[in-house]
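To keep things clear, I will list the structure first and then write my remarks on it.
The values are calculated or read from the model by the stated rules, or taken from the named source; none is laboratory data. Note that the structure is a prediction, hence the values are computed from the model and not measured. Here the Cβ positions follow ideal geometry from the backbone for every residue, glycine too, while neighbour counts run over all protein chains shown. The accessibility values were calculated without ligands, DNA or RNA, using every heavy atom of the protein model including side chains. Shrake-Rupley method; radii C 1.70, N 1.55, O 1.52, S 1.80 Å.
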Amino acid sequence: MATTVGTEDTITDLVTNLILLERDAIAVYESTISRLSDPALSQQVETFRQDHLQHLEVLNQIAAETGADAPAEGDMKQMLTTGKIALAGLMGDGTILKAMRTNEEDTVTAYERASSHPSALPKTLAFFQKALADERRHRDWMQRTADML
């Protein structure tokens, strides 16, 4: 499912939507960790979940600075993404990681767009670029690992 996050006109709308995206991602990571059969894979995915928790923390700070809404829960997309992981779980670790990679594509796209938002302050753009690098690393690991399984 293609995301529209990153196309917002205002920085406040962008930050709010990134918070929702991160909350959804955290829920999906928790679902993934509980479904993976290989503890080493679960451990690596947990490190990626920690990145998302850190992104959420920074986004909440940016929300406070900009006056953006900071939702305390994910949105309806969370049910779709966690459901996709639950279905993939029926087919094994490789399928779960492939499903996760598709979720990461949305996050990569969102931060690519956010990294050039005209209303973002330089420190906010720097955070978006760091988050983008994290998301690319997550996506690439999931693809490489799923291909090996």
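Of the residues making up segment 24-51, just one is at pLDDT 95 or above, open to solvent by 20 Å² or more (accessible area, probe 1.4 Å) and β-branched (V, I, T), namely T47.
Of all residues in segment 108-122, which are of a type in the set (D, E, K, R) and either part of a loop (DSSP other than H, G, I, E, B) or within 16 Å of R137 (Cα to Cα) (or both)? Quick ask: steps written out before the conclusion?
Our first condition is that a residue be of a type in the set (D, E, K, R); within segment 108-122, this holds for 112-113.
Of everything in segment 108-122, just one residue is of a type in the set (D, E, K, R) and either part of a loop (DSSP other than H, G, I, E, B) or within 16 Å of R137 (Cα to Cα) (or both), namely E112.
Conditions (1) open to solvent by 10 Å² or more (accessible area, probe 1.4 Å); (2) modelled with pLDDT under 90, marked per residue:
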site	(1), (2)
Q78	yes, yes
G92	yes, yes
L97	no, no
Y111	no, no
S116	yes, no
A120	yes, no
A126	yes, no
W141	yes, no
M148	yes, no
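Does Q61 satisfy being open to solvent by 20 Å² or more (accessible area, probe 1.4 Å), within 18 Å of D134 (Cβ to Cβ), more than 12 Å from the chain's Cα centre (by Cα) and not hydroxyl-bearing (S, T, Y)? So Q61 passes the test. Checked against the criteria, L20 does not count as buried (at least 23 other Cβ atoms within 10 Å of the Cβ) and within 15 Å of the chain's Cα centre (by Cα).
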